[in-house]
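Novice: Mind having a look at this structure? Questions to follow.
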């Protein structure tokens, strides 16, 4: 699911040693991924900044004028300060985009001779920020960036194309930075030509070996060889046990590539068979989000009805085995391919698997939850219910309990006789996953017999169960849960559980100043990450901002007393307002820079960070 970029403004822990590079991740006002290239005027091949105060020249350079489709086309974006005054530009903060693997502050269009734009092969990519810098270029200085053109657009046929590229450079007005335009020719290779492209790709290095702001070299990217002409080469490479062949197959959006992945699930190398199964799952119809994505594109073009039937066979085989990772893949396949008639068989799988894994640390204790066999079977069950499967009327076995709880939580008409007593029993089930699921699917309002059971679950020995109980308390808004939520806030060593207790305590009537004081007492003696979590909660409970950033702090002790004293003074001076829910904006007279570590800034969209260095 595409997450809010505000919540992704995380601090990078790796500090660059290069001049002009800062450890900040990206924020909304820099990226604007959903906005098109602005109409700023264009000049073929190069463009000058239209503002008098910034005399800069930007050019686009390619290694050759014509490429075969399937090659890794490197676009060299070249910025030169062609004036007589220093120029500051903002680059980066946008490179950690799993799947798309591209810098999304760059806007790229590829237009054919009929004026039609090529499709974006990775629409709506998730963004987790990246290394960010504000280099100042002296007169004559240059800055290079490297773009893989085919990660921005997917050209499907031979022809001459117009290439347009824009970057806002961090300048205030979109039209201050120019759109740069050039042309490029593409040819769909014949079999012999494709073989030559393939052999060259095998010989290339794995990366560009590029330093910040410098020109890079050509490198291999097998995921861009996504055309049918390369299918025989991809299968040949994969059958040899070479993962690069699977990278090719994974991006091929047509049924023959799906067939090849199904065949490779039986490969004698576990690494190849598991990767083939993983790539097969990537082209299943997404369920978490209706937003158009690369996965939804693959799903819409890669399947036939016959292939779906064939894929169900290895899915049930995986579910019949004892390998936890295999069970996860099998459950995810059934989630996409199963029918309502498959639910009884899936319940039998859960009856075995949930008991076998009831003492597994990852399955029962890990929080936030990774992919688990339990949650994957839950997801498959939920999907089959949505397809019309009938839930059981009782919760007498682990598998029946899972489906019964899902029906209770999603269908208001499903209220079997004695359901409240049954769910209270499931909140105390011997399998922690079922306790967690019961809390997540408990209908509101809570009756008097259920409240003490939920209160006990807040102090459960398993973090996922505690988190589910905290969330249920938050939704119920009952003050009776306050004392146990305070206990979790005081004692938990799980960052996510600390956050959950902090927010739930507010909804359950715990005074805001008390929440802040408990957090303040917990600062010190922790790692940088834990202290930053606590500081983040202090901010969440009292300050309006869009995020924050800081350099890595290895030792809090030199300035921790100053921070604690400043926050304590703030709470004492504004106790009544904090209890009433008042929140303060960065720069307010109520706030002091002493409340924060060195080189720490709060962000408000469209405004300078605070405190101002």
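The values are calculated or read from the model by the stated rules, or taken from the named source; none is laboratory data. In this text the structure is predicted, and so the values were computed from the model without any measurement. Glycine also receives a Cβ, built like all others from the backbone with ideal geometry; neighbour counts cover every protein chain displayed.
Novice: Could you please tell me which pairs satisfy a Cβ distance under 6 Å, a separation of 6+ or placement on different chains, a first residue in region 579-595 that is assigned to a helix (DSSP H, G or I), and a second residue that is surrounded by 14 or more Cβ atoms within 10 Å (Cβ to Cβ)?
Specialist: 579/511; 579/512; 579/513; 593/611; 594/562; 594/566; 595/566; 595/567
Novice: Let me ask you something else. Does residue 568 fit the bill of being within 30 Å of the chain's Cα centre (by Cα), at pLDDT 95 or above and surrounded by 14 or more Cβ atoms within 10 Å (Cβ to Cβ)?
Specialist: no
Novice: Here's another thing I want to ask about it. Mind listing just one residue for me: the one in region 180-198 that is over 34 Å from the mean Cα position of the chain (by Cα) and in a helix (DSSP H, G or I) and, of those, farthest from residue 228 (Cα to Cα)?
Specialist: Only one residue tops the list, namely 196.
Novice: Looking at region 482-495, which of its residues are touching a residue at least 12 places away in the same chain (Cβ under 8 Å), surrounded by fewer than 17 Cβ atoms within 10 Å (Cβ to Cβ) and within 17 Å of residue 472 (Cβ to Cβ)?
Specialist: Matches in region 482-495: 487 only.
Novice: Of the conditions (1) over 30 Å from residue 495 (Cβ atoms); (2) buried (at least 22 other Cβ atoms within 10 Å of the Cβ), residue 411 clears all except one; give me its number.
Specialist: (2)
Novice: Residue by residue through region 180-197, note down the ones that are under 18 Å from residue 114 (Cβ atoms) and surrounded by 17 or more Cβ atoms within 10 Å (Cβ to Cβ).
Specialist: The answer is 181, 184, 186, 188.
Novice: Now, a different point. Within region 117-143, restricting attention to residues that are more than 22 Å from the chain's Cα centre (by Cα) and surrounded by 17 or more Cβ atoms within 10 Å (Cβ to Cβ), which residue is farthest from residue 291 (Cα to Cα)?
Specialist: 137
Novice: Just to check your reading of the model, which residue among 113, 42 is over 30 Å from the mean Cα position of the chain (by Cα), at pLDDT below 95 and within 16 Å of residue 161 (Cβ to Cβ)?
Specialist: Residue meeting the stated conditions: 42.
Novice: Also, I was wondering about something else. Restricting to region 505-537, what's the tally of residues that are assigned to a helix (DSSP H, G or I) and within 18 Å of residue 555 (Cα to Cα)?
Specialist: The qualifying residues number 12.
Novice: How many residues does region 554-578 contain that are touching a residue at least 40 places away in the same chain (Cβ under 8 Å) and part of a loop (DSSP other than H, G, I, E, B)?
Specialist: 1
Novice: Suppose we filter 374, 401, 336 for residues that are more than 23 Å from the chain's Cα centre (by Cα) and either assigned to a helix (DSSP H, G or I) or outside the structural domain of residue 282 (by TED's automatic domain parsing) (or both); which single one remains?
Specialist: 401
Novice: Which numbered condition trips up residue 534, out of (1) in contact (Cβ under 8 Å) with a residue 12 or more places away in the chain; (2) surrounded by fewer than 17 Cβ atoms within 10 Å (Cβ to Cβ); (3) under 21 Å from residue 489 (Cα atoms)?
Specialist: Exception for residue 534: condition (2).
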